[in-house]
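Shown next, in structure tokens, is the structure this report addresses.
Readers should treat all values here as calculations from the given coordinates under stated rules, not as data from a laboratory. In this text, all values refer to a predicted model and were calculated from it rather than measured experimentally. When we count neighbours, we look across all protein chains shown, and the Cβ atoms used for this are built from the backbone with ideal geometry, even at glycine.
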């Protein structure tokens, strides 16, 4: 995996801001802007079903914005989201997520093939709140995501098809103290043939005796089970972590020479330190 390093050149001064009332007179507590520094670690498979597990460790500057329509920096799984509708029972938004690139020559089965570039996925999401709401201690959601994928190699970009993700998510807030949250999520991934070929296709010019040509088909990719924890350690320090299990068994392209394992596992840990936050809530 290509690794990038980000270094913070200056430290912003600590500041504390009291909660301010919004236009309806209701006290709100989250700042509109925050600047955080994140110590990030991830141990994930190089691509779905890959036997190669890669460790990524990064210090990251991490700005957070919580606007009425545009929000970013609140979730490591989603770079940004645009809120179109957000009621107690229904949320409609546009989301953007990304995954790290991979150097194919560092992966035994992909050696000599094109690299897996930085992959960005963007599109609409509909979330139905089946139980509870945004302010409740417990919340159960059903989400449907449809996203277009684009790979980026510097300034060069290429469309990689579309991905559909239905998921069920359960949130338990304030479980171990104020501001803490436990997340359980079960989701499945279905994708177009372009997306599947990005991971599992072998073009004829890259075929070898041990890696025959393969044209991937659209269909089922895998199912993911996630258990996540967000815990406030202090006013300015927060821990977020998740463990994941991917079930690839039954994947449409499990006959690809690049398909390796029926089960994948991964872990992601991050420590957030808030260096600055706006007075405006």
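Values as computed for the structure displayed
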{"quantity": "Cα gyration tensor, the range 40-92 - rounded (a/c under 1.5), prolate or oblate", "calculated": "oblate"}
{"quantity": "Cα centroid of the range 158-219 to Cα centroid of the range 82-152, whole Å", "calculated": "10 Å"}
{"quantity": "Theoretical ellipticity at 222 nm over the chain - DSSP helices of four or more residues, -39500 (n - 2.57) apiece, nearest 500", "calculated": "-1000 deg cm²/dmol"}
{"quantity": "Full-extension gain in nm, residue 265 to residue 175, via 0.36 nm per residue minus C-alpha separation", "calculated": "29.8 nm"}
{"quantity": "Calculated FRET efficiency for the pair residue 111/residue 249, C-beta based, R₀ 25 Å, to 0.05", "calculated": "0.45"}
{"quantity": "Theoretical gain in end-to-end length, residue 69 to residue 87 [0.36 nm per residue, Cα-Cα removed]", "calculated": "5.2 nm"}
{"quantity": "Modelled FRET efficiency - R0 22 Å, residue 29 with residue 128, Cβ distances, 0.05 increments", "calculated": "0.25"}
{"quantity": "Relative contact order of the chain, pairs being alpha-carbon contacts under 8 Å that are 6 or more residues apart, as %", "calculated": "20 percent"}
{"quantity": "Shape call, the chain: gyration tensor on alpha carbons, a/c limit 1.5", "calculated": "prolate"}
{"quantity": "Rg/Rg_globular for the range 35-139, with Rg_globular taken as 2.2 N^0.38 Å and Rg from C-alpha atoms", "calculated": "1.36"}
{"quantity": "Label point distance in nm, residue 140-residue 229, each placed 7 Å from Cα along Cα→Cβ", "calculated": "2.4 nm"}
{"quantity": "Length-normalised contact order of the range 161-228 in % [C-alpha pairs under 8 Å, at least 6 apart]", "calculated": "35 percent"}
{"quantity": "Cα-based shape type of the range 84-197, given that a ≥ b ≥ c are square roots of the gyration tensor eigenvalues and the cut on a/c is 1.5", "calculated": "prolate"}
{"quantity": "Extension gain, residue 79 back to residue 184 (0.36 nm per residue minus Cα-Cα distance, nm)", "calculated": "35.8 nm"}
{"quantity": "Length-normalised contact order for the range 16-164 - Cα pairs under 8 Å, 6+ apart - percent", "calculated": "12 percent"}
